């Protein structure tokens, strides 16, 4: 009799111990992984060209100057990302700016996913903090390192989309004055971070239409319309004109050409398409056949499905990659929160919690092993320091087409970046010669390109070929007489 009565208590103790161990290992692994990504942040030139957008806004320079004047930059997305990183512009030295931006990039995922995991409504009386922590640990370790290491408009769009979905289901279960406004604001913000984010509002509208009465849909649409109008006004305020906003956010992306070989691009993305499209579809089909998807769980599925057409098409265009398929991460609430929150027999809930703990233990162990192979002691600032040094000693003469923020920190000058020029070239909207020269160093006679590093070969084409470049550190430096450049 004593043994029989103690069995449930023993099983509960074992499960609790397993969950605590999984949470400790999972969050510890994420902390190590986040540190590695933080240290690698300064290495990526993409972070320099994208963070520069926030400094343009802070200094009153139009983020969207139009296609015939002003700076030519990489930024052809909505303003939500550079506005979110506006606090970083408090720092006016490159090292501090990189560290602040790298930390903020990681923090947005931690706080955003924590909000989802702790505030997604449970259909039982209460959800234990351990269950939420398990879901948080798994979700954090599922986010690809490229999201944590490189600034992308996708990052802000994804987090805003997850916040919107959570606010909407919260409003339909435990409504407050802020939940419906939060759903509308974050849903619209996802679209104003990147056009792919329009799938969030589209999916939410479809979900409300299918599962709830029209009176639930109308208030959401009204709030979304108000938020859209506010975002439009804000976008115009940091643009040279409303037409300039349209040219940069809509016209440029829409005119990007298809990849040269669609079949080859599909082959290159075969693993990503399998993991981010086919596999989730199979899992959802199985859950649907098992009747394990509730009305709340249907929302992230519909949003994911709404994101697929634009995501897949974007991946097949010039510059497209698997980050266009980030809509799959909207399924995180369904897989690790909603399934464990639906009413079920105690043994099924125990199995779900044990399964989540085992998944987190596996992911955590994998990340610990990966971290042991490469563990930097400090942020890797060598390239950044070299870029500032080059810009300082060759003031007004050197162009660093992939380190425009470093140039600005060293000299106070803003020049074109090569990615912006490349986009203009492939879209057929290349600037006039006078426009291209207007925002280059006034005594341009040097071009510095990182090796290895990003290069679209637009910058070298704008200067005469002059034999082999000089090598300095990790840089190739081309030199020519100022009067000779094209």
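The values are calculated or read from the model by the stated rules, or taken from the named source; none is laboratory data. Note that the structure is a prediction, hence the values are computed from the model and not measured. Neighbour counts run over all protein chains shown; Cβ positions are idealised from the backbone, glycine included.
Numerical summary
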| item | result |
| --- | --- |
| Any chance residue 241 is under 27 Å from residue 84 (Cβ atoms) and at pLDDT below 95 | yes |
| Subset of the stretch 462-486 [surrounded by 14 or more Cβ atoms within 10 Å (Cβ to Cβ) and either at pLDDT below 65 or not assigned by TED's automatic domain parsing to the domain that holds residue 399 (or both)] | 485 |
| Count of the stretch 214-249 residues which are closer than 22 Å to residue 326 by Cβ and either in contact with a strand residue (DSSP E or B) (Cβ under 6 Å, 6 or more places away or on another chain) or not in a helix (DSSP H, G or I) (or both) | 1 |
| Candidate set: the stretch 369-383, residues that are within 30 Å of residue 444 (Cβ to Cβ) and in a helix (DSSP H, G or I); chosen: the one nearest to the chain's Cα centre (by Cα) | 383 |
| Residue match in the stretch 157-164 (condition: touching a residue at least 60 places away in the same chain (Cβ under 8 Å) and outside any helix (DSSP H, G or I)) | no |
| Yes/no for residue 444 being touching a helix residue (DSSP H, G or I) at 6+ places or on another chain (Cβ under 7 Å), closer than 27 Å to residue 70 by Cβ, free of Cβ contacts under 8 Å to residues at least 40 places away in the same chain and not in a helix (DSSP H, G or I) | no |
| Options 192, 211; residue that is in contact (Cβ under 8 Å) with a residue 60 or more places away in the chain, surrounded by fewer than 21 Cβ atoms within 10 Å (Cβ to Cβ), farther than 15 Å from residue 327 by Cα and assigned by TED's automatic domain parsing to the domain that holds residue 312 | 211 |
| Filter result (in a helix (DSSP H, G or I) and closer than 15 Å to residue 66 by Cα) within the stretch 384-433 | 420, 421, 423, 424 |
| Residue in the stretch 87-100 that is within 27 Å of residue 231 (Cβ to Cβ) and either assigned to a loop (DSSP other than H, G, I, E, B) or in contact (Cβ under 8 Å) with a residue 60 or more places away in the chain (or both) present | yes |
| Any hit, the stretch 258-278, residues being farther than 16 Å from residue 308 by Cβ, touching a helix residue (DSSP H, G or I) at 6+ places or on another chain (Cβ under 7 Å) and outside any helix (DSSP H, G or I) | yes |
